[in-house]
Amino acid sequence: MNKWFFSLIGITSLFVIIFINLYNNSETYTRTNTDLDNVSNEEMEIVIADNPDIFPMRIALANRYFDEVNYSMALPHFMYVAENSSDVELKSYSLAQIAWMVYESGNTEVATKYLNESISINPESIISNTYLGILYLQEPSTKSEGFEIISKLLLSENLSEDDRNLLEEIISNYEN
């Protein structure tokens, strides 16, 4: 095995850790996390089919699929919220999650467009700005912009200590 394989494993692991930490610590998580621990995905799908505009449940279900990397099931729910919700935070969050799925499918250009739209709706979105910073850090032509975005996030008073530590780790990983 060569160093590129191990680098790929390391970067992929970092992204998983980033998502989990940001998901668990962002202010949006509190708004989108409904106590549905004892409700199955199938039960949630039935409720959503009967009540399509039940956005918090849609987000909760989409997040379950997202966490399982079942993007084909997550995408329609995030798209529905992004297209139909008037809640700025939910719409922005959905666009950020869509962007990450698009990025994971290999289309950085379209992912960046979704992230820019998400940020235009909610400029203070920690998850949207973090995702955009990560995308920019990976490209030599936008690396300095990525550092700027992450550095600006580090100045935020709304950032939890865990998120702050994670963002500092991201910066230190890309400085080398």
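The values are calculated or read from the model by the stated rules, or taken from the named source; none is laboratory data. None of the values given here were measured: they were computed from a predicted structure. Every residue, glycine as well, gets a Cβ built from its backbone with ideal geometry; the counts of neighbours run over all protein chains shown.
Among residues of the stretch 132-154 being polar (S, T, N, Q) and out of contact with any helix residue (DSSP H, G or I) (no Cβ under 8 Å at 6 or more places or on another chain), the one that is surrounded by the fewest Cβ atoms within 10 Å (Cβ to Cβ) is S141. Taking (1) in contact with a Phe, Trp or Tyr (Cβ under 9 Å, 6 or more places away or on another chain); (2) more than 30 Å from S172 (Cα to Cα); (3) at pLDDT 95 or above in turn, R31 satisfies each apart from (3).
Checked against the criterion of being modelled with pLDDT under 95 and out of contact with any strand residue (DSSP E or B) (no Cβ under 7 Å at 6 or more places or on another chain), the candidates I98, I121, I126 yield just one match: I126.
Only residues that are touching a residue at least 60 places away in the same chain (Cβ under 8 Å) and exposed (fewer than 14 other Cβ atoms within 10 Å of the Cβ) were counted in the stretch 98-115, giving 0. The conditions of being modelled with pLDDT of 95 or more, among the β-branched types (V, I, T), within 22 Å of D67 (Cα to Cα) and surrounded by fewer than 18 Cβ atoms within 10 Å (Cβ to Cβ) are not met by V88. With respect to the conditions (1) buried (at least 18 other Cβ atoms within 10 Å of the Cβ); (2) at pLDDT below 95; (3) of a type in the set (V, I, T), V81 lacks only one, and its number is (2). I'm trying to understand the selection: among the residues of the stretch 34-48, which are farther than 12 Å from R58 by Cα and either hydroxyl-bearing (S, T, Y) or modelled with pLDDT under 70 (or both)? Matches in the stretch 34-48: D35, S40.
Would the stretch 72-84 turn up any residue that is closer than 25 Å to N158 by Cβ and either out of contact with any helix residue (DSSP H, G or I) (no Cβ under 9 Å at 6 or more places or on another chain) or among the polar types (S, T, N, Q) (or both)? For the stretch 72-84, residues closer than 25 Å to N158 by Cβ and either out of contact with any helix residue (DSSP H, G or I) (no Cβ under 9 Å at 6 or more places or on another chain) or among the polar types (S, T, N, Q) (or both): absent. Within the stretch 78-93, residues that are of a type in the set (V, I, T) have Cβ atoms under 7 Å from residues that are in a helix (DSSP H, G or I) in these pairs: V81/F55; V81/R58; V81/I59; V81/L90; V81/K91; V81/S94; V88/I121, counting only partners at least 6 apart in sequence or on another chain.
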